[in-house]
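Engineer: Structure incoming, see below.
The values are calculated or read from the model by the stated rules, or taken from the named source; none is laboratory data. Keep in mind the model is a prediction, meaning the values are calculated, not measured. Glycine gets a Cβ as well: all are built from the backbone with ideal geometry, and neighbour counts include every protein chain shown. For the accessible areas, the whole protein counts, side chains as well, though only heavy atoms, and no ligand, DNA or RNA atoms are used. Shrake-Rupley method; radii C 1.70, N 1.55, O 1.52, S 1.80 Å.
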Amino acid sequence: MGQTIIEKIFSRHVGKKVSANEIVLAKIDFCLGQDGTSGIVIDSFKKMGAEKVFNPRQMAVIIDHSSPSPNEGVSRIHKKIRDFSLEQKINFYDIGQGVCHQIVPERGYVVPGDLVIGADSHTCTYGALNIAATGMGSTDVAACAATGQNWFKVPATIKFICQGKLPLGVYSKDLILYLIGQIGADGATYLSCEYTGQAIDALSIESRFTIANMAIEMGAKFGIMNGDQKTLAWVKKHSSRKFKFVQADQDAVYSKALEFNISQLTPQIAKPHQVDNVCPLSEVAGTPIAQGYIGTCTNGRLEDFAEAGKILRGRKIKKGVRLIIAPASNWILKEAMKKGYINILLEAGATLVTPGCGPCVGTHNGVPADGENVISTANRNFKGRMGNINAFIYLGSPATVAAAVIEGKIADPRKYLK
Amino acid sequence: MLLTGKARKFSQEDDINTDYIISGRYKFKIQDPQELATHVMEDLDPNFFQRRQDGDFLVAGRNFGCGSSREQAPQAIKYAKINAVMAKSFARIFYRNAFNIGLPLIECDTDQIRENDELSVDLAKGVVANITQNKNLAIKPLPQVMLTLLADGGLVEHIRKHQGFALEEKSNIKNQISK
Ligand code: SF4
């Protein structure tokens with residue numbers, strides 16, 4: 001019987017052939033934590049009686065969620081994380097370096113075929129590089145830090161076959177929002193999602209990250225793609241590690257295969273307060289917007305600022321509306337400056353904040369007021385997500401956010417791109 | 001292990017996410033789980049901590065615990081002295097986290113449970129009794145891994161006790177804690 005990508009990756013890490021639904025103990029290539037979760041990683045690690053991280057080169061801790069620290073409680077946690085990281089000599093990224101899910105692939109820690117766990121739910125992002133990566137809790141990451149492994153139930157796989165070509169002004173963000181709307185917030189619970197088809201092949205690696213990143217919003221354990229020439233070039237540019245792509249067998253068994261033709265797709269919006277509350281943008285066009293946010297591990301990459309820049313070049317954000325931008329890493333910030341994107345956005349009236357999570361999770365800057373609508377490129381719009389339970393978060397592509405802050409209301413970005 | 005207590009339900013049943021269980025506003029600055037517990041479910045039900053009692057069961061619909069990987073979510077529930085969470089289904093990261101910290105989760109048809117119903121749960125036997133309504137509910141039996149973790153008192157204790165993993169797993173890997 002053939003195997004899916006995930007079954008193959010697990011087989012490699014277990015040391016024998018395994019298939020869906022088996023419970024296995026597997027070796028892990030890399031693990032990570034961020035500032036909201038690493039405090040407990042450290043506590044659990046010590047309580048387990050562990051003294052040394054199994055291999056310091058295979059672990060990273062990134063301070064990104066509330067950075068720089070907004071208060072003394074957070075500072076205390078940051079200090080604890082900093083001290084532990086330096087003492088254990090693990091890879092450590094202090095404030096301002098970027099979001100964990102940008103840093104880890106960008107610095108070449110992970111390569112195709114790896115099995116990775118992170119104390120952050122969006123660890124599935126690296127699936128775009130043909131990597132089995134998944135989010136777990138802090139104690140699970142501590143167990144990996146202590147032993148270099150963890151237990152898993154090998155998931156069954158849903159295959160998404162995306163045919164056709166994305167039209168102008170419609171992006172991978174619109175595609176993934178559409179898919180989440182179709183299958184629901186628990187449509188892939190405990191499963192691995194394999195994304196295939198011409199439409200995926202045509203995407204840049206950055207756009208693929210956006211799709212893999214949001215697999216968790218359908219409850220999935222992994223969101224994974226095949227490797228191709230683009231993946232090869234991208235990984236070689238960022239990493240010196242050796243690797244081999246993992247491909248599904250022709251006769252692999254899937255729990256479901258869903259086929260979509262996306263040539264007619266239009267910009268999509270997730271409405272408050274559920275990520276699967278998705279509709280075509282046209283249904284909510286005209287909804288007033290007080291704040292826009294472009295950034296996060298979903299859409300804070302170079303091409304996202306390029307797209308927003310195409311729309312905002314020579315234009316101004318509407319008076320009374322604000323736009324916050326947070327590049328997903330320090331490297332992206334520098335590149336975006338070199339290419340002039342940041343300048344375009346600042347000229348338009350944007351506020352640039354520290355590379356990292358920015359206002360995504362409501363822990364420091366950019367908290368909206370009661371009753372305000374926010375449009376964001378993030379991956380979650382839960383009530384209270386940005387720090388105020390009385391605000392309303394809409395999710396869309398960077399182009400959609402750019403169009404909205406020009407007009408002060410949700411607007412179709414395509415009219416600015418003709 | 002026999003647990004008894006009252007059912008606590010919420011206005012929203014499905015897709016109760018970890019942001020609702022414990023908001024990011026608190027989890028980033030409060031390290032004391034006891035203090036975190038006073039904010040449990042606050043964004044969904046601001047008076048929840050006041051109205052709950054020791055030994056209550058949280059009762060919800062589908063996909064309980066979806067969203068972030070924060071372990072503070074099951075921690076906050078456990079430290080609010082909730083016996084267990086019952087739902088039609090759970091999100092996977094939350095599911096692991098709960099057993100890792102020793103909070104039992106029970107999958108059953110929660111439409112059969114009303115607010116304030118008196119419940120009793122026998123985890124080992126896999127029986128949930130709704131005492132108020134005088135009926136038994138079928139529950140999905142727990143996988144052996146989960147029972148082992150619960151019996152050891154969570155993942156930290158499990159690793160500590162066995163100096164590594166000692167689950168009934170399939171593996172050719174040698175496993176040991178690193179010292
Ligand atoms: S950017 Fe948002 S979703 Fe991504 S890791 Fe940070 S807080 Fe989480």
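Engineer: How are the C-alpha pair distances of segment A:318-411 spread across 5 Å bins, as whole percents from the shortest bin up?
Structural biologist: Final binned percentages: 3, 14, 23, 26, 21, 10, 3, 1.
Engineer: Then there is this: Taking only protein heavy atoms into account and a 1.4 Å probe, give the accessible area per residue of segment B:2-140 in Å². It would help to have the intermediate numbers written out before the result.
Structural biologist: On the way: 4860 Å² over 139 residues.
That works out to 35 Å² for each residue.
Engineer: Next question. What percentage of the solvent-accessible surface of the protein assembly as shown, computed with a 1.4 Å probe over protein heavy atoms, is contributed by carbon and sulfur atoms? Please report the intermediate quantities before stating the final value.
Structural biologist: Numbers: 10040 of 20730 Å².
The computed percentage sits at 48.
Engineer: Still on this structure: Can you give the accessible area of A:L346 in Å² (nearest 10), computed on protein heavy atoms with a 1.4 Å probe?
Structural biologist: In the full protein context, A:L346 sits at about 70 Å².
Engineer: Peptide B:67-78: average number of partner chain Cβ atoms within 10 Å per residue?
Structural biologist: The per-residue average across the peptide is 6.
Engineer: Over segment B:44-105, what portion of Cα pair distances is larger than 14 Å, expressed as a whole percent?
Structural biologist: Numbers: 1014 of 1891 pairs.
For segment B:44-105, the share of Cα pairs beyond 14 Å comes to 54 percent.
Engineer: Between B and A, buried accessible area summed over both sides at probe 1.4 Å, in Å² to the nearest 100? Don't skip to the end; give the middle numbers.
Structural biologist: Numbers: alone 9700 and 16020 Å², together 20730 Å².
Protein heavy atoms only, the B-A interface buries about 5000 Å².
Engineer: Could I ask something else about it? What do you get for Rg/Rh of segment A:25-77 when both radii come from the Cα atoms and Rh is the Kirkwood radius? Can you show the working numbers first?
Structural biologist: On the way: Rg = 12.8 Å, Rh = 12.5 Å.
Result: Rg/Rh = 1.03.
Engineer: A further question follows. Quick one: if you take sqrt(5λ) for each eigenvalue of the C-alpha gyration tensor of segment B:76-176, what semi-axes come out, biggest first, whole angstrom?
Structural biologist: Values: eigenvalues 173, 39, 26 Å².
They are 29, 14, 11 Å, listed largest first.
Engineer: Which of the GluC sites (Glu not before Pro) across segment B:58-121 are loop residues per DSSP, with 11 or fewer other Cβ within 10 Å? Can you show the working numbers first?
Structural biologist: Working: sites: B:E71, B:E107, B:E115, B:E118; in loops: B:E71, B:E115.
Answer in residue order: B:E115.
Engineer: Checking the table A:K271/B:K29; A:K46/B:K78; A:K173/A:K338 against a 27 Å threshold on Cα-Cα, which pairs fail? Could you put the intermediate results ahead of the total?
Structural biologist: Numbers: A:K271/B:K29 29 Å; A:K46/B:K78 21 Å; A:K173/A:K338 25 Å.
Beyond 27 Å: A:K271/B:K29.
Engineer: Probe 1.4 Å, all protein chains in place: accessible area of A:D228 in Å², nearest 10?
Structural biologist: Surface accessible to solvent at A:D228 totals approximately 40 Å².
Engineer: What does the C-alpha gyration tensor say about the overall shape of chain B? Classify as rounded when a/c is under 1.5, otherwise prolate if a/b is larger than b/c, or oblate. Could you put the intermediate results ahead of the total?
Structural biologist: Numbers: a/c = 1.97, a/b = 1.26, b/c = 1.56.
Here chain B falls in the oblate category.
Engineer: Quick one: Cα centre-to-centre distance for segment A:123-196 and segment B:1-50, in angstrom?
Structural biologist: Cα centroid of segment A:123-196 versus Cα centroid of segment B:1-50: 27 Å apart.
Engineer: Per residue, how large is the accessible surface of chain A? Use a 1.4 angstrom probe and give square angstrom. Write out the running numbers ahead of the final one.
Structural biologist: Details: 13640 Å² over 418 residues.
Normalised by residue count, the accessible surface of chain A is 33 Å².
Engineer: Using only atoms on other chains, find how many Cβ atoms lie within 10 Å of each Cβ of peptide A:172-185 and report the average. Display every interim value, and only then the final one.
Structural biologist: Working: counts 0, 0, 0, 0, 0, 0, 0, 0, 0, 0, 0, 0, 4, 8.
Whole-number average of other-chain Cβ neighbours for A:172-185 is 1.
Engineer: With no solvent and one equal point scatterer placed on each C-alpha of segment A:74-170, evaluate the Debye formula and give log10 I(q)/I(0) for q = 0.12, 0.14, 0.15, 0.17 Å⁻¹, two decimals.
Structural biologist: Scattering profile of segment A:74-170, log10 relative to I(0): -0.52, -0.68, -0.76, -0.93.
Engineer: For peptide A:381-394, compute the average count of partner chain beta-carbon atoms within 10 Å of each residue's beta-carbon.
Structural biologist: Details: counts 0, 11, 7, 9, 7, 1, 3, 1, 8, 0, 0, 0, 0, 0.
Mean partner-chain Cβ count within 10 Å for A:381-394: 3.
Engineer: With a/c under 1.5 counting as rounded, go ahead and sort segment A:203-316 into rounded, prolate or oblate using the C-alpha gyration tensor (a ≥ b ≥ c being the square roots of the eigenvalues; past the cut-off, prolate if a/b is larger than b/c, else oblate). Walk me through the intermediate numbers first.
Structural biologist: On the way: a/c = 2.31, a/b = 1.39, b/c = 1.66.
Note, shape of segment A:203-316 comes out oblate.
Engineer: Mind ranking A:K244, B:K88 by accessible surface for me, highest first, 1.4 Å probe? Please list the in-between numbers first.
Structural biologist: Working: A:K244 140, B:K88 70 Å².
My answer, sorted largest first, is A:K244, B:K88.
Engineer: What is chain A by shape, rounded, prolate or oblate, if you read a ≥ b ≥ c off the alpha carbon gyration tensor as root eigenvalues and call it rounded for a/c under 1.5, prolate for a/b larger than b/c, and oblate otherwise?
Structural biologist: Working: a/c = 1.77, a/b = 1.23, b/c = 1.43.
Since a/c reaches 1.5 but b/c is at least a/b, the shape of chain A is classed as oblate.
Engineer: As a test of reading the structure, rank B:M1, A:M136 by solvent-accessible area (1.4 Å probe, protein chains only), most first. Mind showing how you got there, number by number?
Structural biologist: On the way: B:M1 125, A:M136 0 Å².
My answer, sorted largest first, is B:M1, A:M136.
Engineer: Let me ask something additional. What is the distance in Å between the Cα centres of segment A:1-28 and segment A:344-394?
Structural biologist: Measuring centre to centre over Cα atoms gives 40 Å.
Engineer: Hey, how many Å between the Cα centroid of segment A:224-263 and the Cα centroid of segment B:98-115?
Structural biologist: Comparing the Cα centres of segment A:224-263 and segment B:98-115, I get a distance of 37 Å.
Engineer: Another one. Relative contact order for chain A using alpha-carbon pairs under 8 Å, separation at least 6, rounded to a whole percent? It would help to have the intermediate numbers written out before the result.
Structural biologist: Values: 1086 pairs, mean separation 75.6, N = 418.
Averaging sequence separation for qualifying contacts and normalising by length gives 18 percent for chain A.
Engineer: Quick one: how many Å² of B:H162 are accessible to a 1.4 Å probe, rounded to 10?
Structural biologist: 80 Å²
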